[in-house]
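This report concerns only the one structure given below.
The values are calculated or read from the model by the stated rules, or taken from the named source; none is laboratory data. Being a predicted model, the structure only gives us computed values, none of them experimental. Ideal geometry is used to build each Cβ from the backbone, glycine not excepted, and the neighbour counts take in all protein chains shown.
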Amino acid sequence: MTPYDYSPITERLRIAWPDGKKVAVYVGLNIEHFVPGRPSTSIWPGTADLVPDALNHGWRDYGTRVGVWRVIDSLDRHGLRASALLNSTVVDHYPQIIKAGRERNWAWLAHGRTNSELHTGLSVEEERRVLAEITDTIAAGTGQRPRGWMGPGLTETANTPELLAELAFRYVLDWTNDDQPYPLTVPGMISVPYTVELNDLLLFPRGITGPEFLQMVQDQYEQLLADSHLSGRVLALALHPFVIGQAFRAKYLDRALEFLAAQPDAWLTTSDDIAEHYVRTVGGPRR
């Protein structure tokens, strides 16, 4: 069972983005902490069950030590604020990244505790406690109470959207099935588009090259712009610093952001602002 009803994109109220823009563009920057000794996202599964797993843990750790700073430089250069998908344990482990994001007024979304744990198998009361703990930790560390949620590995329980609504969340990114925001069946909640297609973690390990990634970003924007003649669209760019932040890929991200920043019909924004504008102008979630 899904927390939304079927709604073809051809039968909805018109979305008009601010200043006549046609495509809302945001960068979903995954800021994650991985627990040493626990199998997690891996580039080589052959060692994923070893303790220590130097190969995979080192690959992941490159993102917070090096890669994220390259990404931040590119975002700054082209005037984009990140929508930071934040594991709550990052607050304690990588305070320098939190400081950098606060200085840049990033939007902060809750992304579970750690990407070494999927958000599943929780009772209602246990999940209520865990979500409150995650929310309070992020609010204390960033100075901003998160309004958006994306589960680690895009995981939820059947109760997650309702429990998030209790904590004053407004939207989730987990259901990657649309080019527009839409209301969930849970009162007070909407879905904002995210992507598992224009997503570095899923593209590059399959052999996609930097130039191909740049072309995909351009193609995605151009098609969404063509689609937007009747109603606004959303382009989500999903990034992981340990993937896109590698030295030989960084210039292609920079060129992709340069392309997006140069588009007169692109609204460079955050997922928070997309959700807020949609709720205010289209009507948003059921109440």
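Details
- Taking the criterion of being over 22 Å from GLY101 (Cβ atoms) and either part of a loop (DSSP other than H, G, I, E, B) or modelled with pLDDT under 95 (or both), the residues of segment 11-34 that qualify are ARG12, LEU13, ARG14, ILE15, ALA16, TRP17, LYS21, LYS22.
- Single residue of segment 148-161 satisfying the filter (touching a residue at least 40 places away in the same chain (Cβ under 8 Å) and part of a helix (DSSP H, G or I)) that is surrounded by the fewest Cβ atoms within 10 Å (Cβ to Cβ): LEU154
- Residue in segment 231-247 that is of a type in the set (Val, Ile, Thr), surrounded by fewer than 22 Cβ atoms within 10 Å (Cβ to Cβ) and either modelled with pLDDT of 95 or more or under 20 Å from the mean Cα position of the chain (by Cα) (or both) present: no
- Being of a type outside the set (Ser, Thr, Tyr), within 20 Å of the chain's Cα centre (by Cα), more than 30 Å from ALA262 (Cβ to Cβ) and modelled with pLDDT of 95 or more holds for only one residue in GLY112, GLY79, GLY63, and it is GLY112.
- Filtering ARG113, ARG102, ARG145 for residues that are assigned to a helix (DSSP H, G or I) and charged (D, E, K, R) leaves a single hit, ARG102.
- Only one of ARG249, ARG280 that is within 23 Å of PRO161 (Cα to Cα) and basic (Lys, Arg): ARG280
- Residue count for segment 162-179 satisfying the condition of being within 18 Å of the chain's Cα centre (by Cα) and either hydrophobic (A, V, I, L, M, F, W, C) or part of a loop (DSSP other than H, G, I, E, B) (or both): 11.
- Checking each residue in segment 1-58 for being polar (S, T, N, Q) and in contact with a strand residue (DSSP E or B) (Cβ under 7 Å, 6 or more places away or on another chain) picks out SER7, ASN30.
- Taking each residue of segment 57-79 that is of a type in the set (Ser, Thr, Tyr) and looking for partners that are crowded, with 16+ Cβ neighbours inside 10 Å with beta-carbon atoms closer than 6 Å, six or more apart or interchain, yields TYR62/PHE242; THR64/TYR94; SER74/LEU253; SER74/ASP254; SER74/LEU257.
- Selected residue (criterion: nearest to HIS240 (Cα to Cα)) from residues of segment 61-99 that are part of a loop (DSSP other than H, G, I, E, B) and in contact with a Phe, Trp or Tyr (Cβ under 9 Å, 6 or more places away or on another chain): ASN87
- Check on GLY58, in a helix (DSSP H, G or I), loosely packed, with under 14 Cβ neighbours inside 10 Å and out of contact with any Gly (no Cβ under 7 Å at 6 or more places or on another chain): yes
- Filter pass, GLU126 being acidic (Asp, Glu), part of a loop (DSSP other than H, G, I, E, B) and exposed (fewer than 15 other Cβ atoms within 10 Å of the Cβ): no
- For segment 75-117, filtered to residues that are small (Gly, Ala, Ser) and surrounded by fewer than 22 Cβ atoms within 10 Å (Cβ to Cβ), the residue that is nearest to ARG249 (Cα to Cα) is GLY79.
- Each residue in segment 107-128 was checked for being over 20 Å from ASP92 (Cα atoms) and either in contact (Cβ under 8 Å) with a residue 60 or more places away in the chain or in contact with a Cys (Cβ under 9 Å, 6 or more places away or on another chain) (or both), and 0 of them qualify.
- Some residue of segment 35-53 being assigned to a helix (DSSP H, G or I) and surrounded by 15 or more Cβ atoms within 10 Å (Cβ to Cβ): yes
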